[in-house]
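Each remark here refers to the structure printed beneath this line.
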Amino acid sequence: MKFVVFGKTGQVAQELALLEGTVCFGRDSADLSDPEACAALIKTESPDAVINAAAYTAVDKAEDEEALATTINGTTVGVMAATCAEMGIPFVHISTDYVFDGTGEEPWSSNAPLDPPNAYGRSKRVGEDATREAGGAYAIMRTSWVVSAHGNNFIKTMLRLAESRDKLTVVADQIGAPTPACDIAAASVKIATDLIADPAKAGTYHFQGAPYASWADFAREIFSQSGVACTVEDIPTTAFPTPATRPLNSRMDCSGLTKTFGIVCPDWKTGLGEILKDLDAKS
């Protein structure tokens with residue numbers, strides 16, 4: 001089988017590139033701000049399924065560039081989904097918990113009301129809505145706190161800062177779960193493959209690591225596993241203001257994905273260990 005992947009340099013896209021049957025396209029081949037160019041690529045490649053691992057992900061910058069973010073995360077995604085529906089092939093779209101308002105303490109169900117707190121979340125909601133409206137065999141997979149040995153992410157930031165500091169302040173009232181990009185990639189291919197065989201499995205699903213943790217908890221585990229002597233001090237979100245509002249509750253109920261596709265939440269602590277090994281090998 002052949003899977004066309006939108007995205008080439010992102011964390012998930014780089015992991016997808018390692019899997020059999022995937023062909024990844026970056027901005028040089030498919031400009032996400034040009035929806036029709038992306039549709040043309042899908043038609044030209046004629047794949048068995050499409051996986052969209054590309055997005056406008058600059059959460060704070062999106063507050064000033066909401067129109068561009070909405071084109072990339074919304075309009076173009078809808079055109080991709082419509083093209084796949086027209087061709088009769090599955091479309092797997094990676095989304096985010098930022099489509100919820102981020103309040104409360106209960107895990108978000110896949111059909112919970114959407115009320116994004118920022119421009120990035122609103123742009124992703126547009127893409128989700130357009131994917132459903134396209135009428136094809138689709139899977140929207142919401143995930144959170146993506147980490148890997150690639151690109152820029154929280155793990156690398158913590159290790160870099162700890163090189164010159166013996167104490168860091170980290171937000172402790174945002175609760176969610178880190179999710180290794182390699183697990184997201186594997187889940188995407190499994191979902192696409194299953195949808196080819198059974199389009200009735202189409203729907204919206206959640207996938208994130210386990211167990212739940214705060215960013216401060218995550219930082220402590222990073223330093224513990226890497227043997228770095230750096231103390232983490234808990235601070236509230238209000239002590240670290242950002243242009244875009246961050247969700248306090250990023251917990252998600254992933255039971256639907258397990259029930260439908262047999263995919264279980266990965267242990268993020270185990271995944272962290274593998275990422276740290278990869279980073280050591282690259283250093």
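The values are calculated or read from the model by the stated rules, or taken from the named source; none is laboratory data. Just so you know, these numbers come straight off a predicted model, no measurement behind them. No Cβ is skipped: glycine too gets one built from the backbone with ideal geometry, and neighbour counts run over all protein chains shown. When the accessible area is computed, the model is the full protein with side chains, heavy atoms only, and any ligands, DNA or RNA have been set aside. Shrake-Rupley method; radii C 1.70, N 1.55, O 1.52, S 1.80 Å.
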Report summary line: Kirkwood-based Rg/Rh on the Cα set of the range 194-283 evaluates to 1.08
Requested in this report: Between beta-carbons, use under 14 Å as the cut-off and find the net charge around residue 128, counting Lys and Arg +1, Asp and Glu -1.
Outcome: +1
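Counting only protein heavy atoms and using a 1.4 Å probe, what share of the accessible area of the range 144-249 belongs to carbon plus sulfur, as a whole percent? Numbers along the way, then the final one.
Numbers: 2490 of 4530 Å².
Taking all protein chains in place, the range 144-249 shows 55 percent carbon and sulfur surface.
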Query raised in the report: Just in the range 151-192: which trypsin sites (Lys or Arg not before Pro) are loop by DSSP and have at most 11 other Cβ atoms within 10 Å?
Result: 165
Query raised in the report: In the range 103-205, which GluC sites (Glu not before Pro) fall in coil by DSSP and have 11 or fewer other Cβ atoms within 10 Å?
Result: 105, 163
Query raised in the report: How many lysine pairs are close in the range 64-213, with Cα atoms under 29 Å apart and the two 8 or more places apart or on different chains?
Result: 6
Query raised in the report: What is the Rg over Rh value, at two decimals, for the range 131-183, using alpha-carbon atoms and the Kirkwood definition of Rh?
Result: 1.17
Report task. Find, to one decimal place in angstroms, the Kirkwood hydrodynamic radius of the range 17-59, where the mean of 1/r is taken over every pair of different Cα atoms and then inverted. Result -> 11.5 Å
Report task. Collect residues whose amide H, placed 1.01 Å from N in the peptide plane, falls under 5 Å from the amide H of residue 204; neighbours closer than 5 in sequence don't count. Result -> 140
Query raised in the report: Per-residue accessible area for residue 170 at 1.4 Å probe radius, Å² rounded to 10?
Result: 10 Å²
Query raised in the report: Calculated from the structure, mean projected area of the Cα convex hull in nm² equals which of (i) 17.3; (ii) 14.0; (iii) 14.8?
Result: (ii)
Query raised in the report: How do 261, 240, 154 stack up against each other in accessible area, from largest to smallest, with a 1.4 angstrom probe?
Result: 240, 154, 261
Requested in this report: Specify the angular offset, from 0 to 90 degrees and rounded to the nearest 10, of the alpha carbon long axis of helix 215-226 from the longest principal axis of the alpha carbons in the chain.
Outcome: 80 degrees
